[in-house]
Amino acid sequence: VLVKRTGNIFYVAENGSDTNVGDHPSGPFKTIKHALSASDASTGGPVTIYVYPGGYEEELPLVVPTNVSVIGADMRNCFIRPTSADLDKDVFHLNGESSIQNLTITDFYYDSGTNTGHAFRFAPNATVTSRSPYIQNITVSTQGTTTSASDPRGFAAGDAGKGALVDGQVVASNSRSASMLFHSCTFITPGVDGLTITNGVRVEWLNSFTYFANRGIYMSQGSAGRTTPEATTVYGGELRTIASANVYGNKGIEAD
C-alpha cells in the first residue's frame, strides 16, 4: 500500500525536491508553488496538496486553481514566507471551489502604490461556480518595516501585510456569486486593515479575530462594482459574522 499512488494528491516538504513526481509522501515537492502548477495540469478531478511541517519560502503570488485545496499539517508548524524578491506581493490568489487550511502566513508587506501585499484575494477573472473559496485555521502575522522599542510591531509604519481583500471587481461576470468564507482565522496586521470588503461581494467571518489593525473590517462601496450574469452592476458588500472580535488597533469595523 505504501508504494501506491492514491491519485489527485500532492505532497510538499522542506526536504523535498521540485524535480520529484510529488504524488507520494516519500517523494514530495519542495515548494507549494510547484505543487500548484502540477495541480493545475491535473484533469482528474479535485486535487489536494498536503504540506508537511516546516518553513516554506515561496515565489508569490500562489495562484490556487479551481477545485484545489492546500492543507497544512498544523498552522503552528507550517509557515509560508515570501522570497526576498516578493516581499510586497499578495500571497494567495483564489479561485472558486478552492480552500486553504492549517497554515501561518508571515513576513510580507503592503505596497500602497500597487495595492499588493494581502494574504488572500480573488485571482484575476476568478470564477465561482458552486462554492466560494474557504479559508480555515489560518494565522496571518505581519509587522511594519520600521519597528522600535515603543512600537515593536511597526504599527506607525502603516505598511504591514494585510489580511484579505475581497473585491468583486475582478470576479468573472458569469460567476453566480462573489464570496469568501473565513473560519477560525486570526489576522495580526498592525496599522493596516485586516479584512476589506468591496464591489459587490459577500463574506462569512466565523470565529475569527483581528489584532492591532487600523480597521479590523473595512466595508467599502467600491467604484467599479461587480458585473453579474444578468449584466447588472452591484456594489458594496454583505457581511455575516458570528463569535468573532477585533482586538486593539484603531477601529473594529467601518463602512463608508
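The values are calculated or read from the model by the stated rules, or taken from the named source; none is laboratory data. In this text the structure is predicted, and so the values were computed from the model without any measurement. All Cβ positions, even for glycine, are placed from backbone atoms using ideal geometry, and neighbour counts span all protein chains on display. Side chains included, ligands, DNA and RNA excluded: accessible areas come from the protein's heavy atoms. Shrake-Rupley method; radii C 1.70, N 1.55, O 1.52, S 1.80 Å.
For segment 110-233, taking the reciprocal of the average inverse distance between every pair of different Cα atoms yields a Kirkwood hydrodynamic radius of 15.0 Å.
Over the chain, dividing the summed -39,500 (n - 2.57) contributions of all DSSP H runs of at least 4 residues by the number of residues returns a 222 nm mean residue ellipticity of -1000 deg cm²/dmol. Among Gly45, Gly22, Gly225, the largest mean-square fluctuation in a Gaussian network model of the chain, built with springs joining Cα atoms closer than 10 Å, belongs to Gly45. Let me check against my output: what whole-number percent is the relative contact order of segment 57-126, with C-alpha pairs under 8 Å and at least 6 apart? So the answer I get is 38 percent. With a Förster radius of 35 Å applied to the C-beta separation of Glu230 and Asp74, the computed FRET efficiency comes to 0.20. Shape summary: segment 35-130 maps onto an equivalent ellipsoid whose semi-axes, from the alpha-carbon gyration tensor, are 21, 18, 11 Å in decreasing order. Computed from the C-alpha gyration tensor, the three semi-axes of the ellipsoid equivalent to segment 176-256 are 25, 14, 8 Å, from longest to shortest.
Given springs between every Cα pair under 10 Å in a Gaussian network model of the chain, which of Pro229, Pro190, Pro61 has the largest fluctuation? Result for the chain, Cα springs under 10 Å: Pro229 fluctuates most.
Comparing Gly16, Gly191, Gly72 in a Gaussian network model of the chain, where Cα atoms under 10 Å apart are tied by springs, the biggest mean-square fluctuation is seen for Gly16.
Our compactness index for segment 75-175, the C-alpha radius of gyration over the empirical 2.2 N^0.38 Å, is 1.16. Accessible surface for segment 147-256, divided over its residues, is 43 Å² per residue with a 1.4 Å probe. A simple spin-label model places the labels of Asp40 and Ile242 3.7 nm from each other, with each point 7 Å out along Cα-to-Cβ.
Report, as a whole number in µm² per second, the diffusion coefficient that Stokes-Einstein gives for the chain at 20 °C and 1.002 mPa s using the Kirkwood radius over alpha carbon pairs. The Stokes-Einstein estimate is 116 µm²/s. Distance between the C-alpha centres of segment 205-241 and segment 122-168: 14 Å, rounded to the whole angstrom.
Given Cα pairs under 8 Å that are at least 6 residues apart, what percent is the relative contact order of segment 76-191?
Relative contact order, segment 76-191: 29 percent.
Volume per residue of the convex hull around the Cα atoms, evaluated for segment 163-211, comes out as 63 Å³. Maximal additional length on extending the His24-Asn115 stretch stands at 29.0 nm, based on 0.36 nm per residue less the C-alpha distance.
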